[in-house]
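The values are calculated or read from the model by the stated rules, or taken from the named source; none is laboratory data. Given the structure is predicted, the values throughout are model-derived calculations rather than measurements. Cβ coordinates were reconstructed from backbone atoms using ideal geometry, including for glycine residues, and neighbour counts include every protein chain displayed. We work out accessible area using only protein heavy atoms, side chains counted, and drop any ligands, DNA or RNA first. Shrake-Rupley method; radii C 1.70, N 1.55, O 1.52, S 1.80 Å.
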Amino acid sequence: MRLALLGYKEEFADVPGFAQRLRKMCKDHYYNKRALSSRDPTKQDTINRRNRRRNRKEKKLARRRNMLDRHKRSLEEEFPTAGMEMLLNRKYTSDEESDDEDPTTSPISVLRPSYRSDNANRFLERLDELHFVSSRIRRHQSTRIPRSVMLVERAVPEELPRWM
């Protein structure tokens with residue numbers, strides 16, 4: 001490890017302050033690992049679960065945005081254009097609950113907000129379907145992780161267009 005760090009130091013010698021930044025990064029890494037090892041395992045499990053959910057939500061949003069960019073013209077024929085991109089915001093995305101490390105063992109519970117219209121739900125499902133079809137062709141996937149949908153009462157955001 002030390003040799004690798006020295007190699008980095010030589011390779012980036014012309015970058016001002018690189019040695020100090022590298023030293024600080026190593027020190028921060030050490031203190032973070034030390035804090036992790038002293039943390040209560042149940043608290044760490046809670047943090048890991050929260051991070052898995054957040055990451056799953058971020059990946060879902062990125063997938064949907066990508067599919068919207070790719071298929072915008074065909075989607076505009078099917079759905080109103082006003083608010084398409086607004087709907088692909090983190091605060092309007094359904095929450096998902098799955099505490100398993102391996103979600104293939106049990107279905108993911110999707111907590112769908114009750115204020116969302118059928119049209120908005122069809123739009124999001126269409127984006128997911130477009131992604132699934134394109135990824136299946138690329139990776140030869142044949143199955144999708146099962147989901148169970150549960151309606152959740154949430155306050156209606158004021159800034160959403162009517163069709164949502």
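Quick notes on this structure:
- Inside region 102-114, residues that are at pLDDT below 75 and within 17 Å of E58 (Cα to Cα) make up a count of 2.
- Selection within region 6-18 - surrounded by 10 or more Cβ atoms within 10 Å (Cβ to Cβ) and either part of a helix (DSSP H, G or I) or modelled with pLDDT of 80 or more (or both): L6, G7, Y8, K9, E11, F18
Rundown of residues vs (1) modelled with pLDDT under 75; (2) over 29 Å from D45 (Cα atoms); (3) not in a loop (DSSP other than H, G, I, E, B), yes/no style:
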{"residue": "R116", "(1), (2), (3)": "no, yes, no"}
{"residue": "L151", "(1), (2), (3)": "no, no, yes"}
{"residue": "E158", "(1), (2), (3)": "yes, yes, no"}
{"residue": "P161", "(1), (2), (3)": "yes, yes, no"}
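- Yes/no for E58 being more than 17 Å from E129 (Cβ to Cβ), among the acidic types (D, E), under 20 Å from the mean Cα position of the chain (by Cα) and at pLDDT 85 or above: yes
- Among the residues of region 47-61, some residue qualifies, meaning at least one is of a type in the set (V, I, T), open to solvent by less than 60 Å² (accessible area, probe 1.4 Å) and either farther than 29 Å from S117 by Cα or assigned to a helix (DSSP H, G or I) (or both).
- In summary, K24 fulfils each of the numbered conditions (1) of a type outside the set (V, I, T); (2) open to solvent by 90 Å² or more (accessible area, probe 1.4 Å); (3) under 13 Å from the mean Cα position of the chain (by Cα) with the single exception of condition (3).
- Filtering region 65-94 to residues that are under 19 Å from R154 (Cβ atoms) and either in contact (Cβ under 8 Å) with a residue 60 or more places away in the chain or touching a Ser or Thr at 6+ places or on another chain (Cβ under 6 Å) (or both) leaves G83, M86, L87, K91, Y92.
Table: residues versus (1) modelled with pLDDT of 85 or more; (2) part of a loop (DSSP other than H, G, I, E, B); (3) open to solvent by 80 Å² or more (accessible area, probe 1.4 Å).
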residue: A4; (1), (2), (3): no, no, no
residue: Q20; (1), (2), (3): no, no, yes
residue: H29; (1), (2), (3): yes, no, yes
residue: A35; (1), (2), (3): yes, no, no
residue: R65; (1), (2), (3): yes, no, yes
residue: A82; (1), (2), (3): no, yes, no
residue: M86; (1), (2), (3): no, no, no
